[in-house]
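So the structure is just underneath, and the comments pick up after that.
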Amino acid sequence: MKKIDKAQLERLSQFRYQLRRFMRFSEDAAQEAGLTVLQYQLMLHTQGVEGRHWASISELAERLQAKHHGVVALVSRCEAAGLVVRRQNADDGRVVEIHLTAQGQKSLQQIALRHESELTALADIIEQASARYRGGFEK
């Protein structure tokens with residue numbers, strides 16, 4: 001049976017701690033902007049699909065790691081808040097496109113800008129952790 005030594009556990013703990021600190025920062029930034037962290041993440045992921053400025057419900061469900069019906073409900077709440085709009089896809093009527101409104105774009109920019117320095121710090125931590133674990137947990 002493989003064993004993970006104390007130093008490796010300490011590094012893993014530190015990594016999880018720093019990741020959680022980043023997530024907490026993100027939660028607080030969204031809340032201070034009057035949004036839930038899920039609303040922020042949904043808006044972010046509408047812009048995260050390469051090559052276009054919208055995302056489908058299925059893509060959002062994958063990126064949020066959530067159930068389809070839960071994402072539909074979240075989109076409905078975001079739509080009611082004026083953050084997103086739904087549009088039927090011109091090429092495939094089964095696909096619903098989720099687009100940001102002007103208000104959604106403004107809110108996303110405001111929160112995302114606050115993440116810049118925190119994300120840089122987290123990227124450094126991930127890079128350091130990755131370098132330590134390139135060979136796996138075994139020595």
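The values are calculated or read from the model by the stated rules, or taken from the named source; none is laboratory data. Note that this is a predicted model, so its numbers are computed, not measured. Counting neighbours? That spans all protein chains shown, and the Cβs are built from the backbone with ideal geometry, glycine included.
Among the residues of the stretch 54-83, the ones that are within 17 Å of Lys106 (Cα to Cα) and assigned to a helix (DSSP H, G or I) come to 3 in all. Gly51 falls short on exactly one of the conditions (1) assigned to a helix (DSSP H, G or I); (2) free of Cβ contacts under 8 Å to residues at least 12 places away in the same chain, and that condition is (1). Within the stretch 90-117, can you find the residues that are in a loop (DSSP other than H, G, I, E, B) and of a type in the set (Ser, Thr, Tyr)? If the condition is that a residue be in a loop (DSSP other than H, G, I, E, B) and of a type in the set (Ser, Thr, Tyr), then Thr101 is the only one that fits. The residues in the stretch 98-110 that are surrounded by 21 or more Cβ atoms within 10 Å (Cβ to Cβ) and small (Gly, Ala, Ser) can be counted, and the count is 2. Please tell me if Gly136 is at positive phi, at pLDDT below 95 and in a loop (DSSP other than H, G, I, E, B). Spelling it out, Gly136 is indeed at positive phi, at pLDDT below 95 and in a loop (DSSP other than H, G, I, E, B). Against the criterion of being over 23 Å from Ile126 (Cβ atoms) and not in a helix (DSSP H, G or I), Arg87 qualifies.
Among residues of the stretch 64-97 being among the acidic types (Asp, Glu) and under 19 Å from Met43 (Cβ atoms), the one that is surrounded by the fewest Cβ atoms within 10 Å (Cβ to Cβ) is Glu79.
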